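Below: one structure, written as structure tokens.
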Amino acid sequence: MPQNEWIYDWNLASPPQIAPRTRVLLNDETLRDGLQNPSVHDPTIEEKIEILHLMESLGIDSLNIGLPGAGPRAFADSEALAREIVATRMKIRPNCAARTVEGDIRPIVEISQRVGIAIEAATFLGSSPIRRVVEDWTVEHLERTTEKAVNYAVDNGLPSMYVTEDTIRTDPETIKRLYTTAIRSGARAIVLCDTVGHATPQGAYNLVKFAIEEVVKPSGEKIRVDWHGHCDRGLAIANSLAAIAAGANQVHAAANSLGERVGNTPMELMLVNLRLMGLIDRDLSRLKEYCEKVARATHTTIPPNYPVIGRDAFRTATGVHAAAIIKAFRKDDPALANAVYSGVPAHLFGLEQVIEIGPMSGKSNVLFWLERHGIPADDALVNRILDAAKQSARVLTDDEVFALCAETARN
């Protein structure tokens, strides 16, 4: 049976919001915004370089290599990452964060010149009315600051990515004035931010549409539009997809959803969703390695029930679920086995279904486990393992099942 006949897909019952041929770029914020999470440990430069190579292997288009104006270590690490990109001829493109002040932009200029690579300057400043009240800022002041910073970056040979913080809570007139000023000063990418995780998908869509119609098109310039979201309401992935549907060219994200407060849009789940939606087609077999490397380097943990990369993402010990998966395996069709009880096909991401034995398991779980481990199954052994599982409060470990096998063999 052809695979498209296995599943009726309501996701495709009407024309998709995002055309399959849409080119979607991804910017990785793990090593900058991700490290602003209060609970993370700043990785060593060796660890950062390993993570950089994993980003490259996943086909991620660009990354923020740091905010070199923050201090000597930040400068040294940013330079080392830029040098690694040059030395190993990577395709991934670097950018650096900077406040809209010359003191933050100057170190990016220095690194770019020393290493010999174009580094996009991601200059940012707050824009929303609430921030302006707190800081006693006027829009005129923000316009002057924007013009001076972007001019300085461009005059010193840096591509300019202009960012307003809290764009999603900023009034339309201010958005038009600031981004128009930035583009007129030479910015060729603008970043719309949901800095505090306020957006809904409709809000993200509305903002991106507005920026394209009211700022980008009237400018007459070729401008890349980026979306930068946060997870405070649990809507970051949905918001990012809505931004793409509205015309955003690039989405910012971080491994394991690291970032301030509850974090940024999770990079791994953007890759998964874009792959399943047909918007990217690349080898994602090292996705789990990327996430686990970031977790170790930042001294953070991945919850066992985290989608796709969590320990339990493709594990089951439930009898009914396991029985169906096992029947699919018996048909010698991995794609069928990976779809019957999973909305994410494990094999697309270098992973596989795992059948465990626990208190909710049936006989088929035990038979399959024994078969996978090359152990002959007889009634006494199967019943002994199943009895132990039913009396347990959790899934049995492999060592415990092996011990039961040895015990049964002795008796």
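The values are calculated or read from the model by the stated rules, or taken from the named source; none is laboratory data. Here the structure is a predicted model, which means the values were calculated and not measured. When we count neighbours, we look across all protein chains shown, and the Cβ atoms used for this are built from the backbone with ideal geometry, even at glycine. Note: areas computed on protein heavy atoms with side chains; ligands, DNA, RNA excluded. Shrake-Rupley method; radii C 1.70, N 1.55, O 1.52, S 1.80 Å.
Assorted remarks:
- Check on Gly203, small (Gly, Ala, Ser), out of contact with any Leu (no Cβ under 8 Å at 6 or more places or on another chain) and either open to solvent by 40 Å² or more (accessible area, probe 1.4 Å) or part of a loop (DSSP other than H, G, I, E, B) (or both): no
- Number of positions in the range 10-41 that are surrounded by 15 or more Cβ atoms within 10 Å (Cβ to Cβ) and part of a loop (DSSP other than H, G, I, E, B): 9
- Scoring Ala242 on the criteria (1) open to solvent by 20 Å² or more (accessible area, probe 1.4 Å); (2) under 18 Å from the mean Cα position of the chain (by Cα); (3) touching a residue at least 24 places away in the same chain (Cβ under 8 Å) leaves a single failure, condition (1).
- Qualifying positions in the range 341-358 - closer than 28 Å to Asn383 by Cβ, touching a residue at least 40 places away in the same chain (Cβ under 8 Å) and open to solvent by 20 Å² or more (accessible area, probe 1.4 Å): Val354, Glu356
- For the range 94-106, the tally of residues that are under 13 Å from Ala118 (Cα atoms) and either touching a residue at least 40 places away in the same chain (Cβ under 8 Å) or in contact with a Pro (Cβ under 9 Å, 6 or more places away or on another chain) (or both) stands at 2.
- Residue count, the range 365-376 (criterion: modelled with pLDDT of 90 or more and open to solvent by less than 70 Å² (accessible area, probe 1.4 Å)): 7
- Complete set of residues in the range 295-324 that are assigned to a loop (DSSP other than H, G, I, E, B), closer than 18 Å to Leu54 by Cβ and hydroxyl-bearing (Ser, Thr, Tyr): Thr300, Tyr306
- Selected residue [in contact with a helix residue (DSSP H, G or I) (Cβ under 9 Å, 6 or more places away or on another chain), open to solvent by 20 Å² or more (accessible area, probe 1.4 Å) and closer than 19 Å to Gly186 by Cα] from Glu102, Glu110, Glu56: Glu102
- Of the residues making up the range 81-99, those that are in a helix (DSSP H, G or I) and crowded, with 19+ Cβ neighbours inside 10 Å are Leu81, Ala82, Glu84, Ile85.
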